[in-house]
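Data first, discussion second: the structure below is written as structure tokens.
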Amino acid sequence: MNILILGSGGRESAFAWKIAQSPKCENLFIAPGNAGTGQYGTNVNLKVTDFAGIKAFVLSNAIDMVLVGPEEPLVKGIHDFFLKDEQLKGIPVIGPQEQAAQLEGSKDFSKDFMQRNNVPTAASKTFTKDTLQEGFEYLETAGLPIVLKADGLAAGKGVLICTTLEEAKQELAEMLTEAKFGDASSKVVIEQFLTGIELSVFVMTDGNSYKILPEAKDYKRIGEGDTGLNTGGMGSVSPVPFADAAFMEKVEQKVIIPTIEGLKNEGIPYKGFIFIGLMNTNGEPWVIEYNCRMGDPETESVMPRIESDFVDLLQGVAEGNLHEKELVISNKVATTVVCVAGGYPGEYLKNKVISGIENVRGSHVFHAGTSTSGEDVITTGGRVLAITTLQDNMFNALQQATADAARIYYDGVYFRRDIGFDLL
Ligand code: AMP
Ligand code: GLY
């Protein structure tokens with residue numbers, strides 16, 4: 001098969017690494033890819049939202065399957081674009097159509113969906129500019145802390161946890177009347193605060209049956225000890241020790257089955273990944289959010305634990321026979337440490353020459369925000385490289401990934417040395 005992956009981050013690097021190992025994959029393309037994805041396939045200079053350009057490329061290169069990495073093209077309807085096009089409609093797209101991608105694209109849609117389908121989630125209510133006054137009244141009766149969420153996509157920045165009523169009212173007003181997060185905050189979901197420990201659960205579905213991929217824990221804060229600003233993710237670990245069999249059974253019964261059945265009952269087709277952001281509160285799962293794609297940097301720890309042919313599983317999604325496919329998961333521990341650019345997640349340094357990748361011995365280096373400049377590999381994004389180790393023993397894996405991250409150098413390089421150690 002000829003396969004096209006859309007995206008350019010560490011997630012897409014991990015997909016490309018895994019897919020390139022499949023005997024079913026003849027030619028692999030990554031659009032636009034990064035300085036590392038060329039090891040696994042051919043980079044194609046196309047934007048993930050350039051649907052016309054993607055169409056031309058798919059047709060001229062006899063692409064048999066398109067795997068969509070990030071949410072943006074899904075929320076903008078790339079799958080629907082393929083289905084509506086006479087020449088493209090037979091070419092499977094892995095990733096949901098626009099309507100189902102609203103599970104990530106609109107918090108209001110996803111909360112309603114969860115409530116309709118009895119998926120455990122924090123109590124919430126949605127407000128607009130016209131109902132600002134009701135929003136203030138709701139805040140007065142809701143406890144503290146309280147969570148305010150911009151309804152639309154806000155590049156991971158649209159969630160505010162407010163500890164005082166005054167702050168909550170001010171933020172609500174800024175979101176609704178001053179477009180604090182642009183259009184994304186024209187609606188705001190006010191949600192009860194959940195306590196507990198978070199994890200990410202990933203489901204692959206053809207719309208009927210599903211497979212539960214390895215779960216992972218993501219470390220979102222920039223600072224060690226989970227301090228400082230939120231980032232896209234500074235590291236990940238899989239498996240997650242506190243997600244034991246009893247907890248995962250609850251996740252399947254209370255969250256995954258009602259989600260898949262809900263989609264089916266509401267006539268919402270779904271072929272792709274569902275990323276379920278969960279809070280484990282005293283052993284009970286509560287859904288924080290759905291995403292319509294895999295997580296980053298979770299995918300870098302999930303892919304190495306999948307022993308089965310990943311292309312075979314993707315074919316199961318595309319052809320609707322996922323139930324006939326086998327998913328074998330390794331018992332080993334995978335851990336990922338992300339090297340980020342100086343200044344990230346604020347304004348960050350760019351175009352710094354990267355060295356030391358060749359000194360990494362026990363880990364695999366997945367490129368994320370990198371590019372080539374002549375002979376050099378340079379930094380272009382906030383999250384630059386994801387260093388992933390797979391080992392039998394969790395402590396050794398964590399130490400190895402951290403030690404290998406320290407072998408990377410560029411001006412401003414930073415990574416967390418504590419990824420996963422809280423789980424030991
Ligand atoms: P989201 O963009 O929905 O993933 O939210 C970003 C982060 O905010 C989550 O990863 C949580 O750490 C936190 N968060 C979101 N909703 C809640 C909630 N209801 N209670 C506690 N923390 C939350
Ligand atoms: N690591 C969280 C995400 O991909 O959204």
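The values are calculated or read from the model by the stated rules, or taken from the named source; none is laboratory data. These numbers were taken from a predicted model, which means no experiment stands behind them. Counting neighbours? That spans all protein chains shown, and the Cβs are built from the backbone with ideal geometry, glycine included. The protein model used for the area step is the full one, side chains on, heavy atoms only, and it has no ligands, DNA or RNA in it. Shrake-Rupley method; radii C 1.70, N 1.55, O 1.52, S 1.80 Å.
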Requested in this report: Could you give me the residue pairs with C-beta distances under 7 Å whose first residue belongs to the range 327-339 and is modelled with pLDDT of 95 or more and open to solvent by less than 50 Å² (accessible area, probe 1.4 Å), whose second residue is among the β-branched types (Val, Ile, Thr) and assigned to a loop (DSSP other than H, G, I, E, B) wherever it lies, and which are 6+ apart or on separate chains?
Outcome: 335/419; 337/419; 339/408; 339/413
Report task. Identify all residues within the range 354-377 that are open to solvent by 20 Å² or more (accessible area, probe 1.4 Å) and assigned to a strand (DSSP E or B); write none if there are none. Result -> 355, 364, 371, 372, 373, 376, 377
Report task. Could you tell me whether residue 26 is modelled with pLDDT of 95 or more, open to solvent by 10 Å² or more (accessible area, probe 1.4 Å) and charged (D, E, K, R)? Result -> yes
Query raised in the report: Just to be sure, is residue 243 modelled with pLDDT of 95 or more, out of contact with any helix residue (DSSP H, G or I) (no Cβ under 7 Å at 6 or more places or on another chain) and more than 14 Å from ligand 1 (Cβ to nearest atom)?
Result: yes
Report task. Go through the range 157-200 and give me each residue that's assigned to a strand (DSSP E or B), open to solvent by 10 Å² or more (accessible area, probe 1.4 Å), in contact with a helix residue (DSSP H, G or I) (Cβ under 7 Å, 6 or more places away or on another chain) and without any contact (Cβ under 8 Å) to a residue 40 or more places away in the chain. Result -> 160
Report summary line: Being among the acidic types (Asp, Glu) and open to solvent by 70 Å² or more (accessible area, probe 1.4 Å) narrows 98, 71, 104 down to just 98
Query raised in the report: If you go through the range 3-21, how many residues are more than 17 Å from residue 46 (Cβ to Cβ) and either acidic (Asp, Glu) or open to solvent by 10 Å² or more (accessible area, probe 1.4 Å) (or both)?
Result: 5
Requested in this report: Would you please name the residue that is farthest from residue 47 (Cα to Cα), looking only at residues in the range 80-108 that are in contact (Cβ under 8 Å) with a residue 40 or more places away in the chain and assigned to a helix (DSSP H, G or I)?
Outcome: 108
Requested in this report: Exactly one condition in (1) closer than 30 Å to residue 366 by Cα; (2) more than 14 Å from ligand 1 (Cβ to nearest atom) is not met by residue 252; state its number.
Outcome: (1)
